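First the structure, in the form of structure tokens, and then the observations on it.
Values quoted throughout were computed directly from the atomic coordinates according to the rules given, and no laboratory measurement underlies them. These numbers come from a predicted model, not from an experiment. No Cβ is skipped: glycine too gets one built from the backbone with ideal geometry, and neighbour counts run over all protein chains shown.
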Amino acid sequence: MSRHTTSDHVAKNAAERAKRLRPDGIDQYLPLKGEFAHMNEDPFTDRVEREPRRDHVTVAVIGGGFAGLMTGARLNEAGVRDIRVIDTGGDFGGTWYWNRYPGAQCDIASMIYLPLLEETGYVPTEWYVRAPEIQEHCQRIGKQYGLYENALFHTRVTGLDWDEPAGLWTVRTDRDDEFTAQFVVMGLGHLSVPKLPGIPGIETFAGHAFHASRWDYAYTGDPAGGPLGNLRDKRVAIIGTGATAVQCIPHLATACQELLVFQRTPSVIEVRNNRPIDQDWFADMATPGWQQRWLDNYAANMTSAEQPAEDLINDGWTAMARMWRHAGENHQPDADAPEHLTAPYFADMEKMGRLHARVEETVDDARTAELLKPWYWLPCKRMTFHDEYLKAYNEPAVRLVDTDGKGVERITPRGVVVDGTEYEVDCVIYASGFEVGTSPTRRAEFDPVGRDGKRLSEHWANGMRTMHGLHVHGFPNAFLVQSLTGGTRFSNLSHNLSEAARTVAASVAHAVTTGSAVVELTQQAEDAWMSNVGVDPEWRTFLGTECTPGYSNNEGMELGPHTLWDEYEFPDGLGFFRHLQEWRSSGAFEGLEFRRSDM
């Protein structure tokens, strides 16, 4: 438990937030382009040369991660099989194609995170499976649903234009492809664009450097999961202490001659409690429809006012949801509490106190333990779960370099500078993550051009507008597979993508079976939907004024009245999924116009 008073806790959170505020927001990060383009190259699969495509497909799916795979699978099940998936990676997987760093694994229970388990008949090996198993499952889906046959890998879409007279989309790529598609599906992913910290001098480092999402096993050694043997005589710096670093640091800790961890903001480290899945238990549990029941149960436990009688997952996420839901039952304001604090704040402080105690109990060095304690409100940043991360700081080769919220000062040809001290290293690993929550038109190298030459970025100039997060007025035959302006951005994004994929497939299949050449959202339906979803003003204020900077609040920048960072949510997450199920099963497809011609 925390030894701080309520006022101390509030003041400490505010002070730590203030240290991290900076005027450049998301622009503090650099794309892996230009002089850093080499960091964006694929170290895992050789590029295969091919002739440019000049043909036509029924559906072009941009993105080969969970969104694209689930959409392709559901289209296939609906009888639409002329599908082309385009992806920048060398295989299916999306985030899980790129994230192969040591220790990478999911933090949502695999039974609800891995898609299409029942359809493929696959049984995960662990409660939280590791990256190689996730990528293998992505390949399994691609093979089962015939998605490899027409896929274009190592291909980046550079142009997407609606041809109004023809009623088709023209797709252009960086490999000189130019083909048409009746329908396009954009499954660009939330974790698809890696970013570098814009540290002065980053381009001058003379040693070895790479981004963690392009892990360089040729340098570190052993891509098969064993010790990183090439690092035994290396001094290694890792910049970042988010989810990536939390998972790979325990592996680096015992491999390097010296590991320097440069920290701006500590992560919340909750217990993971990973364990093998009992195959006999799974066989008894997996009756028909089991995965959808588990998905719905988890969503209900996380988001619904009416709680189910049973919590099938019963993990750190659902425990946190229960804590906030029942906060008012068990917490009363302290005598020194600021007037604006409500019961959830006190539940938050109690939980953070337990997390701080775990750090103290695990990390031997008292000063290091103090620096590893996070000081912010729990909803401000996504929790991490790990059972070895904190123990890694007890290894003799590991040294934490805390930057007091300021970040690394600069990088020199020889190393990393913090507070005037230069730390000489042989290698720098950037565990700086991906752009999250930014507009799809920022994260892609194309800006779709819809009806009357209007770009998607223009349509969204004052904020993202859709129906169901899937359909956009003025962009016929185009669909998004994502979670913004749709359901709820709760922890299991896979569920959002699953329901979106089913809905897109149903819409396309209806158009094909009825002979409709064009499907388009009406302006009235878009307006009506945006009036049904919204942003809680108290939540907006909390994010903007009380949260430490991060991707949840536009890196601490002003959110504005209708920004793309808004968490537009249906009032009830499970209710949104049920709404989508009823909408598509009715066969009416209310809000969409199906026409035989665009003329």
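A few points about this structure:
- The Kirkwood radius of segment 109-159, taken over pairs of alpha-carbon atoms, gives through the Stokes-Einstein law at 4 °C and 1.567 mPa s a diffusion coefficient of 105 µm² s⁻¹.
- Descending semi-axes in Å of segment 176-228, equivalent ellipsoid built from Cα gyration tensor: 33, 20, 12
- Using equal-weight Cα scatterers in the Debye expression, the normalised intensity of segment 281-323 in log10 at q = 0.22, 0.23 Å⁻¹ is -0.72, -0.77.
- Along segment 249-263 the Karplus relation, 6.51 cos²θ - 1.76 cosθ + 1.60 evaluated at θ = phi - 60°, assigns HN-Hα couplings of 4, x, 6, 5, 4, 9, 9, 8, 5, 8, 10, 9, 9, 9, 10 Hz to successive residues, with x for each Gly and Pro.
- The lysines whose alpha-carbon is closer than 23 Å to the alpha-carbon of Lys234, local same-chain residues fewer than 8 away aside, are Lys391.
- Of every Cα-Cα pair in segment 49-191, the percent that sits beyond 22 Å: 39
- Here, segment 1-79 has an Rg and a Dmax of 24.2, 68 Å when only alpha carbons are counted.
- Axis angle, to the nearest 10 degrees, between helix 343-362 and the longest C-alpha principal axis of the chain: 60 degrees.
- Using the Cβ-Cβ distance between Gln523 and Glu77 with R0 set to 25 Å, the FRET efficiency works out to roughly 0.20.
- Residues whose amide H lies under 5 Å from that of Val61, counting only those 5 or more places away or on a different chain, are Arg84, Val85, Ile86, Val185; hydrogens are built 1.01 Å from N in the peptide plane.
- Rounded to the nearest whole Hz, the Karplus-based 3J(HN,Hα) values (6.51 cos²θ - 1.76 cosθ + 1.60, θ = phi - 60°) of segment 64-71 follow the sequence x, x, 4, 4, x, 5, 5, 5, with x at glycine and proline.
- Orphan Cys of the chain, criterion: no other Cys C-beta under 4.7 Å: Cys106, Cys138, Cys248, Cys256, Cys427
- For segment 118-214, averaging the sequence separation of C-alpha pairs within contact (under 8 Å, six or more residues apart) and dividing by the residue count gives a relative contact order of 13 percent.
- Residues whose amide H falls under 5 Å from that of Arg410, counting only those 5 or more places apart or on a different chain, are Val417, with hydrogens built in the peptide plane.
- Rounded if a/c under 1.5, otherwise prolate or oblate - segment 124-209, Cα gyration tensor axes: oblate
- In units of the rule-of-thumb radius 2.2 N^0.38 Å, segment 202-311 shows an alpha carbon radius of gyration of 1.57.
- Cα Rg over Rh - segment 338-381, Kirkwood: 1.06
- Answer label for Cα extents along the principal axes in Å (calculated), chosen among (1) 85, 61, 50; (2) 86, 65, 41; (3) 71, 57, 54: (3)
- Net lengthening on full extension, Glu458/Glu49 (0.36 nm per residue, minus Cα-Cα): 143.7 nm
- Against the empirical 2.2 N^0.38 Å (N residues), segment 172-264 has a Cα radius of gyration ratio of 1.46.
- Linear extension gain, Glu41 paired with Glu126, 0.36 nm per residue minus alpha-carbon span: 27.5 nm
- Long-range HN-HN contacts of Thr548 with modeled amide H, under 5 Å: Trp377
- In segment 457-546, the convex hull through the Cα atoms has an average projected area of 7.0 nm², a quarter of its surface area.
- Overall Cα dimensions of segment 26-123, principal axis frame, Å, largest first: 46, 42, 29
- Under the Karplus curve 6.51 cos²θ - 1.76 cosθ + 1.60, θ = phi - 60°, whole-Hz ³J(HN,Hα) for segment 289-302, x wherever Gly or Pro sits: x, 4, 5, 5, 4, 5, 4, 5, 5, 5, 4, 5, 5, 7
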